[in-house]
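Below you'll find the structure, written out as structure tokens, and then a few comments.
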Amino acid sequence: MIEFDHVTRKFGRKVAVSGLDLKIPSGELFAFLGPNGAGKTTSIRMLVGLLRPTEGAIRVCGHDTVADSRAAAHVLGYVPDEAFLYDKLSGREFLQFVAEMRGLDDKQSAAAVDRQIDNFGLAAFVDELCETYSHGMSQRLVFASALLHDPAVLVVDEPMVGLDPRSVRMAKDLLRERASTGTTVFMSTHTLSVAEEIADRIGIIDRGRLIFLGTQDQLQKELALQNTSLEQLFLQLTAEGDETPRGSGPPVANHGVTRS
Amino acid sequence: MSQDATYASTFDLGLAPPAVAAPGGGLVSPEAEARAYWRMRWRIASAATTQTLTEGRLRVALIAVLSAVLWTILFLVFYDGFRFLRNTIPGDLHDETVRIVFGVFFVTMTLMLTFSSGIILYSSLFRARDVAFLLTLPGRAERVFLHKFQEAIVLSSWAFVLLGSPMLLAYGLVARAPAYYYLVLVPFLVAFTYLPGAIGAVACLLIVRHLPSRRVLLLGSLVAGVLAVMAAVGWSIGGSFHQDLLTPNWFQEILDRLKFTEHRMLPSWWLSSGLLEAAQGVWSESVLFLALMVSNALFFRQVGIWTASAAYRAAYDGVYGRRTSRKRTHVALLDRVVGGATRLLPAQMRLLIVKDLRLFRRDPVQWSQFLIFFGLLLLYFLNIRRFSYDTYYKGWVNMVSFLNVSVVGLLLSTFTTRFIFPMISLESRRFWILGLLPLPRERILWSKFAFAVGGSIVPCSLLILLSDAMLRVTPSILASHQLTCVILCFGLSGIAVGLGAKMPSLREDSPSKIAAGFGGTLNLVFSTLYIIAVVLLTAMPIHFYFGTQSYGGLLSERPHLGEWLQVWLVAGTLGSILLGLIATIVPLRMGFRAFRKIEF
């Protein structure tokens, strides 16, 4: 469903993402981890079509995100880390706009909007202007808008930031539920425990390179073998002090786990 | 359903299984896309209008009244001007004069609209927050472009409509134009705004697409180039005349120098010709020009769409694909100079002033506008040197010199409204730092006031000095102007800082939106009234004093007139000082009181 085919992205001379090869099949919840500035957001912005790879290609359900950007966007739902909402639209009007842009006709649009209002508990405030929403309310509306068209691929950037415990639980349940019904979920997060709890597979990116890729089983074996936690493994893998310039040179580590 | 209940229901998500193979509907058609955008725009506009009408009636009323007053004044000025031309200039020369008046106005508007739409589009196509959202939807990139282009046209052309509509209506009435003239005004103006707007849009897209890393330099060079051309044109038009001032030959020479505005390839010429033909009832010729304009407008709009289709996404990628250089900062000479000049102030205040100066000079959006305005004024002052006391009637020169002081004051009021007034509101975002520091809140306001006065007094004083040097005014007038300048700087700074603290916009983080809000508008209105009052208090007695000196007979008929005028001169000067003190102290006191109570 998602395919990064030797993707490199440069910003001037800086290599933000280097030779990323990654395939994420249908129904998998993939957690993308990495320290700040590692290349997570650049990868996501390329995946949703905002940035273009300098080399390589990204395909979503077989659609190239550059050559066939509209078709790729059509099968994708995106929840950004800093969501945008039109202040002077109500939540319902925002959902209706997204539904129309997703090609739903009036009947489909009304049904989809009602379904998501119900699913995300938006009824109490959906007819108020978005400018009055709290962060949690906005985040729920953005999730609802991303799922209006039942996308085949859901891309979520830092979904837990700023949410209260109840909303975090809801988001985790939602992502798992989507994956179990066949949606490919690509989630970027800093919260290691969330990744460990809900992801089918985890990838760690550092300085533009994928340095760890493994399923939960492989990860648990690796952690048991090294008698360590995911946090310690993450810190070990992304430790500072490496003299290799960012985004160039050989892979930093190969921990015997499946590599892309 | 209560919020908790609805919340709880989300645990059982009950989501419909996603249609993996064919999610949602098909790709949205261009027509449906256009409908969705228009509906969204309409909804936003209605919500904003309803909100403004319920929450900001005073603001709307004030803006409406001020706009109506300005429009009426412009209409009367144009009406009188066109009547004057009709009554004093004979036949063919009258038509040629009107054609050139229209030509100069529309050429200027073409340049302004091209630049303003290009600049607005750069910000709305590449920097606006909603664009990243819109580009991730499966719509066409050119639809996003069109959406932003139409917004830019409206934003960049309101000044043109405000200035152009009274002029064209006044001309129609003076020329006794048929009803047809008024009917075609709207399509002519709409088509005209599209042309430079589309050219600016295409230029913006191509520059960002092909020169993303050098776009600021290129845009800066373009602006500098246009300013240089304008200066050269201004120089050649205002250059030494072969004829005596205000004679028919001098007038003809001016018209000859402005002939370039009648170039057949300029849209401004199509517009002025079409409207003049319509006013004279030659509707067939007028329709021809209208068709020419509409077809060109549609053509350039289509070029914009093609360019956006081919270049917008790549240009967007280029803007965000650049590596942001990590700038190393150092203590600039200017910081040291300001630090030294404010040595006598309390240390905390000094630090706050230097901090504000650093924020200002490191933000090109802030200082570039300031620089362009002052640069244009500098060019104008350099061009007035021939209009001096040695050559012309002193009353005229005196009037021009005071008008120059007013222009500097008005420019300063836009500076205080745009940059000083929003400073308090912007501090609210950083108030977790300033609010926790062991310093009295008043000191923050005093530092803003000192920053505003210090930052305005030097450039304004130098500009007025230059204007006076070019006009070769007497030392006493020069001293009077400098005093007026100081009074203006203190008063305008006091109004901006005081009102900024009294009426902050704590939720807004864009300085331009804060300045355009109700508080900012009120600040501009009070500032304008203050400038008019101060300048009139000092300019009027001096003007009459010169008048009586030029007509010596008047003084011999009324021997006490000279003494009265001297008293008026002193009283006017003292009055302006008093007004300056009031304008400084009263708003600051109000601001201090409000700032002490404010909860961030």
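The values are calculated or read from the model by the stated rules, or taken from the named source; none is laboratory data. This is a predicted model, so every value here is computed, not measured. Neighbour counts run over all protein chains shown; Cβ positions are idealised from the backbone, glycine included. Ligands, DNA and RNA are stripped out before the accessible areas are found, and what is left, the full protein with its side chains, is counted by its heavy atoms. Shrake-Rupley method; radii C 1.70, N 1.55, O 1.52, S 1.80 Å.
Summary of values
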read-out: Percent of Cα pairs exceeding the 17 Å cut-off, where the set is the stretch B:99-187; value: 60 percent
read-out: Where Rh is the Kirkwood radius over Cα pairs, Rg/Rh for the stretch A:170-239; value: 0.98
read-out: Nearest-ten-degree value, helix A:216-226 long axis tilted from longest Cα axis of chain A; value: 40 degrees
read-out: Environment charge of B:L333, counting only residues whose C-beta is closer than 15 Å and scoring Lys/Arg +1, Asp/Glu -1; value: +3
read-out: Distance (nanometres) between label positions extended 7 Å along Cα→Cβ at B:R443 and B:H210; value: 5.6 nm
read-out: Computed FRET value (nearest 0.05) for B:K597 with B:S67, which takes r as the C-beta separation and R₀ as 56 Å; value: 0.95
read-out: Cα pair distances of the stretch B:32-92 binned at 10 Å [whole percent]; value: 19, 21, 20, 19, 14, 6
read-out: Shielding by partners - mean other protein chain Cβ count within 10 Å, residues of B:35-48; value: 4
read-out: Values of log10 I(q)/I(0), in the order q = 0.11, 0.12 Å⁻¹, for the stretch A:30-128 under a Debye, Cα-only, solvent-free model; value: -0.45, -0.53
read-out: Kirkwood Rh and Cα Rg combined as Rg/Rh, the stretch B:398-455; value: 1.19
read-out: Probe 1.4 Å - accessible area at B:R596, Å² to nearest ten; value: 130 Å²
read-out: For B:G455, net neighbour charge (Lys/Arg +1, Asp/Glu -1) across residues whose Cβ lies under 12 Å away; value: +1
read-out: Cα long-axis angle, helix A:106-119 against chain A (0 to 90 degrees, to the nearest 10); value: 70 degrees
read-out: Inter-chain Cβ neighbour average for residues A:150-158, partner chain, 10 Å; value: 3
read-out: Contact order relative to length of chain A, as percent, for alpha carbon pairs under 8 angstrom and 6 or more apart; value: 27 percent
read-out: Ranked packing of B:413-426, B:129-142, most packed first, by mean Cβ within 10 Å; value: B:413-426, B:129-142
read-out: Overall Cα dimensions of chain A - principal axes, largest extent first, Å; value: 54, 40, 31
read-out: Cα centroid of the stretch B:453-475 to Cα centroid of the stretch B:403-423, whole Å; value: 15 Å
read-out: Accessible surface of A:H190 - all protein chains present, 1.4 Å probe, nearest 10 Å²; value: 90 Å²
read-out: Radius of gyration and maximum dimension Dmax of the stretch B:442-529, Cα, Å; value: 15.7, 51
read-out: Area buried, chain A against chain B - accessible surface, total, 1.4 angstrom probe, square angstrom; value: 5400 Å²
read-out: Per-residue average of Cβ from other chains inside 10 Å of A:39-52; value: 3
read-out: Label point at B:Q302 placed 7 Å out along Cα→Cβ; residues across the stretch B:168-196 whose backbone nitrogen lies under 16 Å; value: B:195
read-out: Carbon plus sulfur fraction of accessible area for the stretch A:1-105, probe 1.4 Å, in percent; value: 43 percent
read-out: Cβ crowding within 10 Å averaged over residues, with B:518-530, B:433-445 ranked highest first; value: B:518-530, B:433-445
read-out: Sequence ranges B:450-462, A:38-50, ranked by mean other-Cβ count within 10 angstrom, highest first; value: A:38-50, B:450-462
